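Q: I am attaching a structure below and will ask some questions about it afterwards.
The values are calculated or read from the model by the stated rules, or taken from the named source; none is laboratory data. Keep in mind it's a predicted model, so treat the numbers as computed, not measured. As a convention, Cβ positions derive from the backbone with ideal geometry for all residues, glycine included, and neighbour counts pool all protein chains shown. To get the accessible areas, we keep the full protein, side chains included, count just its heavy atoms, and leave off ligands, DNA and RNA. Shrake-Rupley method; radii C 1.70, N 1.55, O 1.52, S 1.80 Å.
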Amino acid sequence: MNETPPQPPYPSPYPQPAPAPAKSRRAFKSVGAVIGFAVGAIAVKLALGAALGGPDDAGKYEIVPPTTFQGLTLQDSGPRVDAIKQGQGAEKKGTKRVAVVYADQSGTAQLVVSGSQAAFGDEDPGAELTKGLKSMGVKEADISTHPAGAPAGGAMRCGTLAVEGASLPLCMWGDHSSLVTVTVPIENKPVTIDELAGRARELRTAMEVPAK
């Protein structure tokens with residue numbers, strides 16, 4: 001005789017995020033691969049420039065993602081992180097890749113971060129960021145310039161990428177030590193470019209520190 005297994009007397013106190021719909025899973029894997037590949041490709045070019053004779057401040061900072069940011073918790077593993085790493089490819093000599101997610105208390109991703117740390121030598125990082133966003137598929141008319149913030153100067157460019165019928169905002173900063181893209185999950189409530197640029201600047205201040 002089949003018996004119904006006993007049920008717990010109360011639900012788990014730890015909230016579990018609902019599985020993402022198949023369309024959303026495809027979308028965030030696609031987004032992860034695109035931003036990972038773009039960051040990797042630009043980083044190789046900028047690192048080559050430094051190897052040929054870069055500025056004195058090249059490689060003076062490193063990227064150390066904080067364990068928490070604006071009430072969100074760092075996640076350095078999972079399908080979304082795996083998708084970014086796959087897009088980034090293997091680490092090149094002299095570079096360090098960054099692929100993390102910041103999630104709320106329910107485990108739902110709120111910020112997605114893909115980056116590379118190295119000694120970069122391009123004298124016009126803003127131009128390279130614009131090229132990088134265009135290589136992702138962002139239209140030139142949708143690319144905007146924003147203050148890069150601290151600590152290492154450089155430039156910031158933002159834009160919107162069409163994915164699965166939705167507009168995905170993303171911001172990318174670059175200087176002589178780091179190249180990082182910050183975006184939001186495609187399935188989340190949309191945010192404005194200005195809002196995302198502000199969060200990217202604050203995250204930069206928290207995660208870009210003097211190299212040891």
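Q: Could you give me the ³J(HN,Hα) list for the stretch 94-106, computed from phi with Karplus coefficients 6.51, -1.76, 1.60 and θ = phi - 60°, whole Hz, x at Gly and Pro?
A: Once rounded to whole Hz, the list reads x, 10, 10, 8, 10, 8, 9, 10, 10, 10, 7, 5, 7.
Q: Let me ask another. Given H placed 1.01 Å from N in the peptide plane, which residues other than close sequence neighbours of LEU111 have an amide H under 5 Å from its amide H?
A: Residues meeting the amide H criterion: TYR102.
Q: If you average the C-alpha positions of the stretch 73-87 and of the stretch 156-212 separately, how far apart do those two centres end up, in angstrom?
A: Their Cα centres are 16 Å away from one another.
Q: For LYS96 and ASP194, FRET efficiency with R0 = 25 Å and r from the beta-carbon atoms, rounded to 0.05? Write down the numbers at each step before the final one.
A: On the way: r = 30 Å, r/R0 = 1.19.
After rounding to 0.05, the efficiency reads 0.25.
Q: How much of GLU123 can a 1.4 Å solvent probe reach, expressed as accessible area in Å² and rounded to 10?
A: 140 Å²
Q: Towards the positive end of the charge dipole of the stretch 158-212, with charges on Cβ (+1 Lys, Arg; -1 Asp, Glu), say which of ALA200, SER177, ALA162 has the farthest Cα.
A: My answer, from the dipole projection, is SER177.
Q: Within the stretch 107-142, name every residue whose backbone N is under 20 Å away from a label modeled 7 Å from Cα of ASP82 along the Cβ vector.
A: Inside the label zone: 107-115.
Q: Then there is this: Averaging over all projection directions, find the projected area of the Cα convex hull of the stretch 76-139 and quote it in nm² with one decimal place. Walk me through the numbers before you get to the answer.
A: Details: hull surface 22.6 nm².
About 5.7 nm², averaged over all directions.
Q: Full extension from ALA211 to ASP124: what is 0.36 nm times the residue separation minus their Cα-Cα distance, to one decimal in nm?
A: Working: separation 87, 0.36 × 87 = 31.32 nm, distance 2.21 nm.
Additional length available on full extension: 29.1 nm.
Q: Something else about it: With +1 on each Lys and Arg Cβ and -1 on each Asp and Glu Cβ, and nothing else charged, work out how big the dipole of the stretch 53-101 is about its Cα centre, in Debye to the nearest 20.
A: Details: 7 positive and 6 negative charges, 35 e Å.
About 160 debye.
Q: Decide, for the stretch 67-212, between rounded, prolate and oblate: order the square roots of the alpha carbon gyration tensor eigenvalues as a ≥ b ≥ c, take rounded if a/c falls under 1.5, and otherwise choose prolate if a/b is larger than b/c, else oblate.
A: Values: a/c = 1.35, a/b = 1.10, b/c = 1.23.
Note, shape of the stretch 67-212 comes out rounded.
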